[in-house]
Structure formats: C-alpha cells, structure tokens
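The values are calculated or read from the model by the stated rules, or taken from the named source; none is laboratory data. In this text the structure is predicted, and so the values were computed from the model without any measurement. Cβ placement follows ideal geometry from the backbone for every residue including glycine, while neighbour counts extend to all protein chains displayed. Side chains are part of the model used for accessible areas, which takes the heavy atoms of the whole protein and leaves out ligands, DNA and RNA. Shrake-Rupley method; radii C 1.70, N 1.55, O 1.52, S 1.80 Å.
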Amino acid sequence: MLSDGREVSLYTVSNGVMSFSASDYGCTLTSIVLPDSKFPACSGKTVDVLLGFSTLEGWIQDGSCFGTGVGRFANRIGGCSFTLDGKKYCLDDNDFGRTLHGGFDRWEKMLWNSRIVSTEHGLGVEFFRRSPDGEQGFPGNVDVSQIYTLDLNNRLTIEYRGVTDKATPLNITNHAYFNLKGYGGGSVRDQELWFDSSHVLEIGEDHIPTGKRIDVSGTPFDFRTPKLIGRDIEGVAPGYDHFFCVEGYTGDGSLREFCTVRDPASGRKMTVKTTQPGIQLYTANFIDGIKGKNGFCYSNQGALCLEAQGYPDAPNKSDFPTSIVRPGEEYHQLTSYCFEF
C-alpha cells in the first residue's frame, strides 16, 4: 500500500514451467523464475534471474529503474529540450544537463490501472493509464499501455501501445536487470553475449549521440561472434552503456532476433527479439552497494540491461528513426525474451 492509502497489486503468471511477477506500481517486472537445472526437475528448485527488491518500499526508494516501465521517452534527450512543429518544449534536467527516462516525474513511480489479459502472445497482465498533456513537459494526452504475457514456449513478451491527441515523442522500454546465474550470482562478465549489430551510436562526453554510427569492427562493441561480456569491457570503462543498432531495421514492425545471452556455467540462455530499432546495453555500472532481494548487496556489473527502444535523443536528430507519434497513428512495439534452461 502507498502512503496515500492506494493499494498496489502484484500479479504472478505461470506456464507451469517458469513464471514472472509484475506490479502495477511502475509497470514493474519484479521477478522471472526459472527451474534450476542443477537439481532434478521434480525437486521444485528454482532461480530468479531478475534483480530487484523483496518489498514495495525498495522500489519506492530506488532510482535505478529495476524492472520498471520507462517513458514517455526512455534514455536521454540532450539539452533537456526539443523542438516539434516549430515549438520548443523544455524538459526536466535530471541528468547533468540531460533528460533521462522522462525526467523527475517518472512513470516508474506511478500507480497504473491493470487487468488480466489473454493475447496471441500468451496469458498476462495489461497496465494502462492516460499520460496527460504536459506530463514531464511533453505535449499531448497519451493513452498508453504495457502488456506483459507468457506463452507455453517460455517466451515473455512486452507489448507497448500508445495513441495521442497531439504530436509527441514516444519511446517506451522496460529496464529489467538480468543475471542468468540468479540475482545473487555475482558479475555477468563471464556470461556470453551475441548481438546482430554492426553499428553502435557514437556518444559524446555528455553521453548524447553525436549522430554518427560507428562500425563495431575491431572495437569492444563487436559482439557479432558471441563473446564473454567482460572480455573487452575495460575498453569502455566503467562499462557498457551504449546503443546497438538493429541490423537491417526497416520500421515495418517485424519481430527480429537481435540478441542472445548465455550463462556457460548453468546453460541458461535468453534470446531477445524486438520490433524496435535498437537496444541500449547497460552493464549495471552504478548499482554497487544497493541492497536488493533478501538483503543481497548488489555489485557493479552484477547484471545487464537490454533496453529495446528507439534511438536516444531522436527528437533532436532528424536523421534518426523518428520517435514522433501523431494523432491518428498508433505507437506499437514488441519485445520478447525467450528462456532456455
């Protein structure tokens, strides 16, 4: 329950093999529970591969977006402003001269409406609300939903939808922190990552894209052949926080296999498919000392985030895939995470 007396709900969805839980507070994925292959299947032993907290208070106090839905605009907008149709819109400065994940009035700290749903992607829960005109500084009343479902193939799908009555940027993602060893498993440096991506966005010292796409050949960003996350991470200290472009992206809504993560020790694997134009890889570079589930103290690079989304700072970069949604259009994106164990 929140301090104002509103009740917070937690949903758990299972396919009989694995499950996930999600809360209407911030559209938050609170757990992804897989069978633990180290034990016989009949033992009932499981492992939770999602970092987070054991109590609601943890998410209320946290500022690191553990498993939360992020919008209206995920990632960064440079200069805390953008111009649309000749009008300048000023946003919050919550990241040293940038707007990060929507500013101060974040969606992750809001209580959403919710309902159980069954879709072509499985059984799950839909979180929905109206983001009013002017919220976070963005124009337009936006009716938005985030739908989390699980199917019988151990595929967790997140579907994002939004419609607006004024032209506005819209870029929604989920900020799950994954560790296929389990949330208390330690560093992800020894997990194997593959990206179908030959380019990343160049960023300046302000972490805003310059507009240039960099060929990954011969750089720490080349994951086209699977490699351990830690192999080249020292070359991008304090860790990865970069946008990888989807190979051959056309904007046609196709769900593309873009990324795999594998933990060699346990054999667990996660495959990511998305309709989005890219993924922000973040290796949890600033979570050291945060006390999480069951009091476990997290460490930097104890997880990785694979934030499928539109290009950062797209409202200020005309040559990036557009993030602008206009009246009569629908924002619709899909990202799926398929687990093997």
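Every test in (1) in contact (Cβ under 8 Å) with a residue 60 or more places away in the chain; (2) open to solvent by 20 Å² or more (accessible area, probe 1.4 Å); (3) part of a loop (DSSP other than H, G, I, E, B); (4) more than 15 Å from LYS317 (Cα to Cα) is passed by SER197 save one, and that test is (2). The combined condition, being among the hydrophobic types (A, V, I, L, M, F, W, C), closer than 26 Å to ARG155 by Cα and assigned to a loop (DSSP other than H, G, I, E, B), is not fulfilled by PHE96. Look at TYR240 and say whether it is under 25 Å from LEU100 (Cβ atoms), of a type in the set (Ser, Thr, Tyr) and open to solvent by less than 20 Å² (accessible area, probe 1.4 Å). Answer is yes for this residue. Selection within the stretch 306-341: residues that are assigned to a loop (DSSP other than H, G, I, E, B) and of a type in the set (S, T, N, Q). The member of this set that is farthest from the chain's Cα centre (by Cα) is SER318. Inside the stretch 160-193, residues that are in contact with a Phe, Trp or Tyr (Cβ under 6 Å, 6 or more places away or on another chain), open to solvent by less than 30 Å² (accessible area, probe 1.4 Å) and farther than 19 Å from TRP107 by Cβ make up a count of 1.
Condition test on THR210, is it hydroxyl-bearing (Ser, Thr, Tyr) and either open to solvent by 50 Å² or more (accessible area, probe 1.4 Å) or modelled with pLDDT under 95 (or both)? Break it down into steps so the answer makes sense when it comes.
Working: hydroxyl-bearing (Ser, Thr, Tyr): yes; either open to solvent by 50 Å² or more (accessible area, probe 1.4 Å) or modelled with pLDDT under 95 (or both): yes.
Criteria met by THR210.
When the stretch 22-48 is filtered for residues that are over 21 Å from GLY302 (Cα atoms) and either within 17 Å of the chain's Cα centre (by Cα) or buried (at least 16 other Cβ atoms within 10 Å of the Cβ) (or both), the ones remaining, listed by number, are ALA22, SER23, ASP24, TYR25, GLY26, CYS27.
Per this entry, ILE147 is counted among residues that are free of Cβ contacts under 8 Å to residues at least 40 places away in the same chain, closer than 27 Å to GLY292 by Cβ and outside any loop (DSSP other than H, G, I, E, B).
Residue-wise test of (1) crowded, with 17+ Cβ neighbours inside 10 Å; (2) among the charged types (D, E, K, R).
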residue: SER254; (1), (2): no, no
residue: PRO315; (1), (2): yes, no
residue: THR322; (1), (2): no, no
residue: GLU330; (1), (2): no, yes
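With the requirement that a residue be among the charged types (D, E, K, R) and either free of Cβ contacts under 8 Å to residues at least 60 places away in the same chain or assigned to a loop (DSSP other than H, G, I, E, B) (or both), what does the stretch 225-282 give you? LYS227, ARG231, ASP232, GLU234, ASP241, GLU247, ASP252, ASP263, ARG268, listed by residue number. Residue count for the stretch 49-90 satisfying the condition of being closer than 23 Å to TYR331 by Cβ, part of a loop (DSSP other than H, G, I, E, B) and open to solvent by 20 Å² or more (accessible area, probe 1.4 Å): 2.
Among the residues making up the stretch 91-126, those that are surrounded by fewer than 15 Cβ atoms within 10 Å (Cβ to Cβ) and either hydroxyl-bearing (Ser, Thr, Tyr) or in contact with a helix residue (DSSP H, G or I) (Cβ under 7 Å, 6 or more places away or on another chain) (or both) are ASP105, SER118, THR119.
Where residues in the stretch 256-293 are small (Gly, Ala, Ser) and crowded, with 17+ Cβ neighbours inside 10 Å, which of them is farthest from the chain's Cα centre (by Cα)? Walk me through it before giving the result.
Taking the stretch 256-293 as the starting set, the residues that turn out to be small (Gly, Ala, Ser) are 265-267, 278, 284, 289, 292.
Remaining after also requiring crowded, with 17+ Cβ neighbours inside 10 Å: 266, 278, 284, 292.
Details: SER266: 24, GLY278: 11, ALA284: 12, GLY292: 18 Å.
The residue in question is SER266.
For the structure I just gave you, tell me whether GLY134 is on the phi > 0 side of the Ramachandran plot, open to solvent by less than 30 Å² (accessible area, probe 1.4 Å) and modelled with pLDDT of 95 or more. First the steps, then the outcome.
Numbers: on the phi > 0 side of the Ramachandran plot: yes; open to solvent by less than 30 Å² (accessible area, probe 1.4 Å): no; modelled with pLDDT of 95 or more: yes.
Considered against the rule, which asks whether it is on the phi > 0 side of the Ramachandran plot, open to solvent by less than 30 Å² (accessible area, probe 1.4 Å) and modelled with pLDDT of 95 or more, GLY134 comes out as no.
Within the set GLU257, GLU247, the sole residue that is of a type outside the set (Gly, Ala, Ser), at pLDDT below 95, in contact with an Asp or Glu (Cβ under 9 Å, 6 or more places away or on another chain) and under 24 Å from ALA314 (Cα atoms) turns out to be GLU247. Look at ILE214 and say whether it is out of contact with any Lys or Arg (no Cβ under 7 Å at 6 or more places or on another chain) and aliphatic (A, V, I, L, M). So ILE214 passes the test. Would you check if TYR249 is closer than 22 Å to ALA237 by Cα, hydroxyl-bearing (Ser, Thr, Tyr) and open to solvent by 10 Å² or more (accessible area, probe 1.4 Å)? Answer is no for this residue. Residues of the stretch 113-129 that are closer than 17 Å to THR12 by Cβ and not small (Gly, Ala, Ser): ARG115, ILE116, VAL117, LEU123, VAL125, GLU126, PHE127.
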